[in-house]
Amino acid sequence: MTPLPEFRLETYFTRWEFQARHHMTASDAQALSLQQLLALADDADRERWQQLVLSYVETWGSLPLRQAIAATYEGLEAADILVFAGAEEGIYCTMAALLGPDDHAIVSVPNYQSMETLALRNAGAVTGLALHAQNRWQPDLDELRRALRPNTRLIAVNFPNNPTGAVADTETFAGLVQLCAERDIYLFSDEVYRGLERDPARRLPQAAECHARGLSLNVMSKAYGLPGLRIGWIASRDRAALQRMERIKHYLSICNAGPSELLATIALKAGASIIARNRELCRANLVQLGAFFAEFPEHYDWQEPDGGCVGFARYRGADGVEEHCRQLVEQAGVLLLPASLFASELLPVATDRFRVGFGRQGIAQGLAAWRDFLRATAT
Ligand SMILES: Cc1ncc(COP(=O)(O)O)c(C=O)c1O
């Protein structure tokens with residue numbers, strides 16, 4: 001087997017994530033401390049935490065965790081949930097379990113790279129489905145229909161989207177679900193930012209609820225702001241598909257960390273309040289970010305994203321976004337992700353954009369450093 005290509009974004013983070021002074025491109029909401037999370041637990045769960053034995057846990061995930069996850073879906077049960085070590089392992093296992101050399105897959109672009117890279121690695125052919133910047137990053141269902149082939153087995157999308165922050169319009173998502181249902185195609189729906197829509201009325205149904213072959217990917221890392229737990233999952237009523245993924249998980253993490261499973265169970269039970277807090281944080285940060293970009297219209301184009309905690313702003317400077325991001329991180333300690341990290345093998349992606357994040361506390365300090373840099377370099 002040929003080695004996997006470099007995961008450009010993660011390699012860049014290896015270099016900078018814990019070095020840069022101001023992480024202004026984080027894709028997660030502000031993390032809670034262990035103390036804060038345990039304060040949300042009921043007495044029984046706090047006692048379980050104290051008594052927890054550090055043994056292996058079930059590969060599928062412990063029953064209380066799967067029950068707590070299933071409760072976040074309409075009409076699903078614990079048996080419809082397979083827990084993974086983060087969303088990333090879920091992406092890996094899905095693509096490896098469901099795609100083979102005779103299959104065609106369709107993946108939205110731009111994307112979080114592993115969705116595309118792992119589809120390309122496992123399927124015989126992959127087509128990109130463009131999110132159109134000029135149309136609020138919406139996908140075009142006619143383009144999708146034209147991309148279909150008799151052997152199209154899986155369509156992969158991600159709303160709210162990383163890096164654009166787009167949420168598909170309700171009718172577009174319904175059309176996508178219908179098309180998958182008519183053709184018996186898997187709908188792999190990365191829903192890791194679900195809950196962080198600016199307008200809750202635009203929150204989409206979860207794929208596992210509305211399509212028998214819907215695969216909903218979710219995780220504690222993003223909207224819940226608990227990436228350190230490394231707990232993700234796929235929800236699906238296609239239990240045979242889940243079982244095939246479970247067999248692959250035996251070669252990866254085998255099972256998750258028991259402490260993480262219990263902490264994730266506690267967090268899910270308090271999920272509504274955690275997500276409400278993170279939504280409010282994003283809202284307040286977006287006010288600051290919007291004001292910042294409005295100060296520098298000659299440098300940036302910014303449209304507030306529909307959801308999630310990242311957006312894909314445009315840099316207008318003649319030096320180009322790659323050079324601009326390099327100078328910002330090296331000279332001002334402000335970390336952003338330039339367009340090249342979102343390049344796709346499937347379709348061209350704008351080369352003048354960068355990802356900015358707004359889910360964490362303390363963005364004012366990062367914006368101040370960024371502003372100082374722009375003022376100091378103004379000619
Ligand atoms: C859209 C999307 N899916 C999946 C992942 C992977 O999440 P995790 O870190 O929980 O494995 C990320 C992480 O940035 C992401 O942005």
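Among the numbered conditions (1) away from the ligand (no atom under 16 Å from the Cβ); (2) not in a loop (DSSP other than H, G, I, E, B), the only one that SER260 does not meet is (1).
Looking across the stretch 53-71, the residues that are hydrophobic (A, V, I, L, M, F, W, C) and either surrounded by 14 or more Cβ atoms within 10 Å (Cβ to Cβ) or under 30 Å from GLN206 (Cβ atoms) (or both) come down to VAL57, TRP60, LEU63, LEU65, ALA68, ILE69, ALA70, ALA71.
Considering the conditions (1) away from the ligand (no atom under 16 Å from the Cβ); (2) charged (D, E, K, R); (3) not in a helix (DSSP H, G or I), LYS222 is excluded by exactly one of them, (1).
Looking only at residues in the stretch 343-379 that are of a type outside the set (A, V, I, L, M, F, W, C) and in a helix (DSSP H, G or I), the one that is nearest to HIS23 (Cα to Cα) is GLY366. Within the stretch 11-40, residues that are farther than 21 Å from LEU367 by Cβ sit with their Cβ atoms under 6 Å from residues that are part of a loop (DSSP other than H, G, I, E, B), at 6+ positions apart or across chains, in these pairs: LEU40/ALA270.
When you look at VAL109, is it closer than 23 Å to SER221 by Cβ and either out of contact with any Cys (no Cβ under 6 Å at 6 or more places or on another chain) or within 16 Å of the ligand (Cβ to nearest atom) (or both), yes or no? The answer is yes for VAL109.
Every residue, every condition in (1) crowded, with 20+ Cβ neighbours inside 10 Å; (2) away from the ligand (no atom under 16 Å from the Cβ); (3) part of a helix (DSSP H, G or I); (4) modelled with pLDDT under 95, yes or no:
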{"site": "MET245", "(1), (2), (3), (4)": "yes, no, yes, no"}
{"site": "ILE248", "(1), (2), (3), (4)": "no, no, yes, no"}
{"site": "ILE254", "(1), (2), (3), (4)": "no, yes, no, no"}
{"site": "ALA264", "(1), (2), (3), (4)": "yes, no, yes, no"}
{"site": "ALA294", "(1), (2), (3), (4)": "no, yes, yes, no"}
{"site": "GLN303", "(1), (2), (3), (4)": "no, yes, no, no"}
{"site": "GLY311", "(1), (2), (3), (4)": "yes, no, no, no"}
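Just one of the listed residues (GLU182, GLU191, GLU171) is surrounded by fewer than 17 Cβ atoms within 10 Å (Cβ to Cβ) and under 30 Å from ARG314 (Cα atoms), and it is GLU171. If the condition is being within 16 Å of the ligand (Cβ to nearest atom) and in a loop (DSSP other than H, G, I, E, B), then the stretch 21-57 contributes MET24, THR25, ALA26, SER27, ASP28, ALA29, GLN30, ALA31, LEU32.
In the stretch 350-365, the residues that are modelled with pLDDT under 95 form Cβ pairs under 9 Å with partners that are not in a strand (DSSP E or B), at six or more places apart or across chains, as follows: GLY362/GLN30.
The values are calculated or read from the model by the stated rules, or taken from the named source; none is laboratory data. On a predicted model such as this, the values are computed, not experimentally measured, just so you know. Please note: Cβ atoms are built from the backbone with ideal geometry, for glycine as well, and neighbour counts cover all protein chains shown.
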